[in-house]
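Everything below concerns the one structure shown next.
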Amino acid sequence: MTNIVLNGFMGTGKSAVGREVARRLGWRFVDMDDVIVLRVGKSIPRIFAEDGEPVFRRMESQVCADLSAQERSVIATGGGALVDPDNRRVMMRGGTVVCLTADPDEILRRVGGDDSRPLLNVPDPRARVAELLAARRAAYQAIPWQIETTGLSIEEVAERVIALSHVITLPVSHPGDALSAPKGGEYPIHIGEGILARVGDTLRATRTLCAASASEAIRVAVVSNTTVAPLYAERVMTSLRAAGFEPFTCTIPDGEQHKRLDTVRTLYDQFLAGDLDRSGTVLALGGGVTGDIAGFAAASFMRGVRFAQVPTTLLAMTDASVGGKTGVDLPQGKNLVGAFKQPVVVFIDLAVLETLPKEEVRAGMAEVIKHGVIGAPDLFAELEADQATITARQLARSIRVKIDVIEEDPFEGGRRAVLNLGHTTAHGLERLSDYAMRHGDAVSVGMVAAARIAVKIGLADLALADRIEAVLAAWGLPVRCPACEAGAIYEAMAHDKKKRGGALRWVLPREIGAVEIVEDVPPDVVRSVLRDLGAE
Ligand SMILES: NC(=O)c1ccc[n+]([C@@H]2O[C@H](COP(=O)([O-])OP(=O)(O)OC[C@H]3O[C@@H](n4cnc5c(N)ncnc54)[C@H](O)[C@@H]3O)[C@@H](O)[C@H]2O)c1
Ligand SMILES: [Zn+2]
């Protein structure tokens, strides 16, 4: 956490709330206007009168840049300071930016008689407030976190600001997709606890800053399955409606067996029935299966509409919702049809994991631990030390490992293969069990196998393999092969490769935080490791 920045129209309480937040956190409070007055040596009305607004705005940009470099400051900005998208970007990089709102009458009541407000020094202040609010609406709405302050005390608003400051936002840069984001760009992943009701504001903040589109009601197709929809769809719908969207639900059946083209087809029908057009957005609310299906439907419907992800399983949070891969299975194999489709936002509320079955949480932990082994020794050590529920910070750390890899290799040309640690063996085990074995469980055994292979070929020492096995076991994950033949597991692993004539590719750990891709592991080594792990 670095800074907390409060923006919003005059009279929304930025300074009073900012002081209270700073007092509670023991941070420094900075009023941007005071900084400007001090630097220029005259009052703001005088700067406006003598130098003009453009000079004042330039000064503001400079102060934004300077303040964003600070730490542990609560910054109240001028009401118009973040209208400039560059100022907004600078501030968002430097901390949590929250926009305070209030209705016009409340604003007039709060600022009435304050003649240090040069912008309201006009004959009809109410009309002026309405006009300024309308002009700035798009800029204010581009801030993902909004707090409506009308009717709340300073203390109540401060409490909400502090809660929001715990949300972690990771920016992901991407090369774009053909139509909806041709030039590439960046999208945020927000990670927090109990923030589901804020998904609407966050989605609205991702819309391009054009006044016309901001005032238009936009259709949002909320895609969810028959298990997740009853739990969370209404909360998401309410939040979208409050943010000015016109959402409608689209339901798909639950289960990997429905991750197929027929289901995508039923989504197209539901999109059309709901009047989704090219300006609309598809929002996936569910696990990896829902995200993969909805994402592919979003990539292909009308040649591509905007897509947002609200993952509700740990696996989807840490893995499936990040990286832009979407698609469905064919009878011939998994994920054989699909598209790269970048979301405009990924919105993660860890509180939804409360209803996720324990074995699904455990399966997701296998991928989190995997990210620790691939690139986060700090996270790995924490997971070794303590097996309480995963925190937002730990999840963010795990996701960052994946972000680093996909930013380097967005279309899976090479480096991205490291994310398949444990997956060579896992795919064999899953195939052999006819997909009855849970993916995360298979990945867990696969990681142990990879570590033992690394030891056998002299890449890693035994202590490393023991550590990896111990942490997986501590999180309740299986670390031994099911009772089947080592040779059969090997054949099942090699199945796809043989068809394509390629060699089996292994991702092997060298140390915690460093893995290597190795193609020439002798089959005997693999079989003997599998036997050591309990295969026959
Ligand atoms: N696109 C990618 O990059 C990528 C990466 C990894 C995996 N995947 C895909 O992800 C899929 C697996 O995803 P998954 O493990 O999330 O499975 P899933 O989507 O089937 O979810 C597991 C189960 O949990 C239920 N559920 C989801 N959220 C819940 C909640 N909060 N409370 C209660 N129940 C809830 C679901 O309805 C389902 O029954 C696979 O199809 C895999 O191919 C994709
Ligand atoms: Zn996986």
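The values are calculated or read from the model by the stated rules, or taken from the named source; none is laboratory data. Quantities reported herein were computed from a predicted structural model and do not represent experimental measurements. Here Cβ is always computed from backbone atoms with ideal geometry, including for glycine, and neighbour counts include all displayed protein chains. The accessibility values were calculated without ligands, DNA or RNA, using every heavy atom of the protein model including side chains. Shrake-Rupley method; radii C 1.70, N 1.55, O 1.52, S 1.80 Å.
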Q: From the list 314, 276, pick out the single residue that is within 16 Å of ligand 2 (Cβ to nearest atom) and aliphatic (A, V, I, L, M).
A: 314
Q. Quick one: which of 5, 21 is part of a helix (DSSP H, G or I), within 31 Å of the chain's Cα centre (by Cα), in contact (Cβ under 8 Å) with a residue 60 or more places away in the chain and over 20 Å from residue 112 (Cα atoms)?
A. 21
**Q.** Flag for residue 186 being among the acidic types (Asp, Glu), outside any loop (DSSP other than H, G, I, E, B) and out of contact with any strand residue (DSSP E or B) (no Cβ under 7 Å at 6 or more places or on another chain)
**A.** no
Q) Can you tell which of 56, 48 is assigned to a helix (DSSP H, G or I), open to solvent by 30 Å² or more (accessible area, probe 1.4 Å), over 21 Å from residue 152 (Cα atoms) and not β-branched (Val, Ile, Thr)? A) 48
Q) How about the range 416-436: which of its residues are open to solvent by 10 Å² or more (accessible area, probe 1.4 Å), within 13 Å of ligand 1 (Cβ to nearest atom) and part of a loop (DSSP other than H, G, I, E, B)? A) 435
Q | Output for the range 287-306, where each listed residue is over 15 Å from residue 327 (Cα atoms) and not in a helix (DSSP H, G or I) | A | 305, 306
Q. Taking the condition aromatic (Phe, Trp, Tyr), open to solvent by 10 Å² or more (accessible area, probe 1.4 Å) and over 16 Å from the mean Cα position of the chain (by Cα), does residue 411 pass?
A. yes
Q) What number goes with the only condition from (1) assigned to a strand (DSSP E or B); (2) away from ligand 2 (no atom under 16 Å from the Cβ) that residue 326 does not pass? A) (2)
Q: Give just the number: which of (1) out of contact with any Phe, Trp or Tyr (no Cβ under 6 Å at 6 or more places or on another chain); (2) more than 13 Å from ligand 1 (Cβ to nearest atom) does residue 440 not satisfy?
A: (2)
Q. Does the range 139-159 hold any residues that are surrounded by fewer than 19 Cβ atoms within 10 Å (Cβ to Cβ) and not in a loop (DSSP other than H, G, I, E, B), and which are they?
A. 148, 154, 155, 156, 159
Q) Given the conditions (1) closer than 30 Å to residue 511 by Cβ; (2) among the small types (Gly, Ala, Ser); (3) more than 13 Å from ligand 2 (Cβ to nearest atom), and given that residue 308 satisfies all but one, which numbered condition is not satisfied? A) (1)
**Q.** Residue list for the range 244-254, restricted to those being crowded, with 20+ Cβ neighbours inside 10 Å and farther than 20 Å from residue 226 by Cα
**A.** 245
Q | Near pairs, Cβ below 8 angstrom, 6+ apart or cross-chain, from the range 328-349 (aromatic (Phe, Trp, Tyr)) to any residue that is part of a loop (DSSP other than H, G, I, E, B) and modelled with pLDDT of 95 or more | A | 347/195
Q) Which ones in the range 357-395 are within 10 Å of ligand 1 (Cβ to nearest atom), of a type outside the set (Asp, Glu) and touching a Gly at 6+ places or on another chain (Cβ under 8 Å)? A) 363, 364
Q: Quick one: count up the residues across the range 288-311 that are open to solvent by 10 Å² or more (accessible area, probe 1.4 Å) and in contact with a strand residue (DSSP E or B) (Cβ under 8 Å, 6 or more places away or on another chain).
A: 9
Q: Could you tell me whether any residue of the range 394-408 is open to solvent by less than 60 Å² (accessible area, probe 1.4 Å), in a loop (DSSP other than H, G, I, E, B) and within 16 Å of ligand 2 (Cβ to nearest atom)?
A: no
**Q.** Number of positions in the range 431-468 that are away from ligand 2 (no atom under 15 Å from the Cβ), within 29 Å of the chain's Cα centre (by Cα) and not hydrophobic (A, V, I, L, M, F, W, C)
**A.** 0
Q | Residues satisfying the stated conditions in the range 233-269, i.e. assigned to a helix (DSSP H, G or I), within 19 Å of residue 298 (Cβ to Cβ) and of a type outside the set (Asp, Glu) | A | 233, 236, 237, 240, 258, 261, 263, 264, 265, 266, 267, 268
Q: Identify all residues within the range 320-355 that are of a type in the set (Asp, Glu) and surrounded by fewer than 24 Cβ atoms within 10 Å (Cβ to Cβ); write none if there are none.
A: 329, 354
